[in-house]
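Have a look at the structure below before the remarks.
The values are calculated or read from the model by the stated rules, or taken from the named source; none is laboratory data. Keep in mind that what you see is a predicted model, and the values were worked out from it rather than measured. Glycine gets a Cβ as well: all are built from the backbone with ideal geometry, and neighbour counts include every protein chain shown.
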Amino acid sequence: MKKDLLSLLDLEKDDFIHLFELALQFKKRSRQGISDRHLAGKSLGLIFDKKSTRTRVAFETAMIQLGGTPIYMSTQDTQISRNEPACDTARVLSRYIDVLAMRTFDHGLVEEFAASSTIPVINALTDLYHPCQILSDIMTVIEHKGGFQGKKIVWVGDGNNVANSWVNAAAVLDLNLVVATPEGYGVKDEIKAKALERGGRQIVFTHDPKDAVKNADVVYTDVWASMGQEEEQAKRVTAFKGFQVNRSLLSQSKPDVTVLHCLPAHRGEEISEDVLEAPDAVFWDQAENKRHMHKAILETLILANGK
Ligand code: CP
Ligand code: NVA
């Protein structure tokens with residue numbers, strides 16, 4: 001694998017398969033009460049400029065359970081907030097820690113850190129991508145659907161960072177992905193072009209959610225206004241009418257459709273209360289899988305980096 005994980009386009013198909021296998025193994029061993037302290041003595045820095053519950057805690061607990069130490073820094077608490085250049089901060093942190101996970105608004109900042117760091121840099125969400133999320137989500141698809149090849153996976157909602165990472169994954173893994181977004185909120189042409197370059201020929205982009213979810217194996221949604229877009233919330237609620245994942249929409253899908261949401265969810269907006277609270281809902285398994293997948297990512301990048 002490459003030094004950094006900034007986008008799923010950084011990965012080859014074999015890298016995905018390796019990460020799925022390792023994460024599933026970590027989950028199995030964790031269920032058996034076996035602890036793997038492969039990262040004893042290593043440390044993970046986390047620089048977060050946006051809120052997080054799952055990604056932060058999943059990374060921190062993954063590192064602790066592997067015997068390492070996480071060090072969380074809100075950007076505001078670092079000299080970055082006083083304009084210390086990324087290239088200086090990255091070089092200094094490379095002398096202290098073994099891997100760095102970052103959550104920023106600007107994707108370019110994560111790229112700047114990666115370019116100046118000698119340690120691996122992991123994208124823990126930017127305005128552009130959320131790669132680690134989709135890795136654990138596909139792990140959830142594997143568990144619940146017995147695999148991902150040939151399954152119809154449908155995105156319903158905003159063409160946002162999570163959608164972009166699905167498009168990237170679909171390009172590399174040749175997924176049968178349909179992306180349904182309201183007009184004006186679609187995946188950007190640049191993201192589509194990169195997917196085509198990587199061979200993502202099965203990806204369909206549409207503005208018709210009802211048609212999109214027909215015979216779907218998996219339906220995925222996310223908030224209509226992402227972090228940083230809070231002031232657009234009211235406008236988006238109007239623009240996204242008809243894009244709520246609810247029983248009526250899902251009646252077009254396969255009877256055993258699996259609904260996924262990266263969370264946090266806005267009940268009554270992108271997803272109905274009854275779908276979110278369904279007794280057989282897998283959102284909580286999906287969230288748990290982030291910890292197992294983060295272990296796989298940390299171990300792979302740290303050990304591959306020869307540290
Ligand atoms: N799914 C996800 O990334 O959640 P957090 O924002 O809580 O980390
Ligand atoms: N698209 C959402 C994902 C949160 C995990 C956001 O960026 O806020």
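Just a few scattered comments:
- Flag if I122 is within 16 Å of ligand 1 (Cβ to nearest atom) and either of a type in the set (A, V, I, L, M) or surrounded by fewer than 18 Cβ atoms within 10 Å (Cβ to Cβ) (or both): yes
- Among the residues making up region 37-60, those that are closer than 14 Å to I119 by Cβ and away from ligand 2 (no atom under 16 Å from the Cβ) are L39, K42, S43, L44, G45, I47.
- Test: residue in region 118-130 that is in a helix (DSSP H, G or I), among the β-branched types (V, I, T) and in contact (Cβ under 8 Å) with a residue 24 or more places away in the chain: no
- Residues in region 139-167 that are out of contact with any Ser or Thr (no Cβ under 6 Å at 6 or more places or on another chain) and within 16 Å of ligand 2 (Cβ to nearest atom): T140, W155, D158, N161, V162, A163, N164, S165, W166, V167.
- R291 being touching a helix residue (DSSP H, G or I) at 6+ places or on another chain (Cβ under 7 Å) and closer than 30 Å to G45 by Cβ: yes
- Among the residues of region 170-213, the one identified as crowded, with 17+ Cβ neighbours inside 10 Å, more than 25 Å from D10 (Cβ to Cβ) and either within 16 Å of ligand 1 (Cβ to nearest atom) or of a type in the set (V, I, T) (or both) is V213.
- The number of residues in region 214-241 being within 10 Å of ligand 2 (Cβ to nearest atom), surrounded by fewer than 15 Cβ atoms within 10 Å (Cβ to Cβ) and either at pLDDT below 95 or of a type outside the set (D, E) (or both) comes to 1.
- Scanning region 252-266 for residues that are farther than 12 Å from Y220 by Cβ and away from ligand 1 (no atom under 16 Å from the Cβ) yields a count of 4.
- Taken over region 265-285, the criterion of being in contact (Cβ under 8 Å) with a residue 60 or more places away in the chain and either small (G, A, S) or closer than 20 Å to A234 by Cβ (or both) is satisfied by E270 alone.
- Hey, L24 part of a strand (DSSP E or B) and either surrounded by 21 or more Cβ atoms within 10 Å (Cβ to Cβ) or touching a residue at least 60 places away in the same chain (Cβ under 8 Å) (or both) or not: no
- Within the option set D137, D77, D88, being crowded, with 24+ Cβ neighbours inside 10 Å and not β-branched (V, I, T) holds for one residue only, D137.
- D15 satisfies every condition listed in (1) over 16 Å from R291 (Cα atoms); (2) more than 16 Å from ligand 1 (Cβ to nearest atom); (3) surrounded by fewer than 17 Cβ atoms within 10 Å (Cβ to Cβ) except (3).
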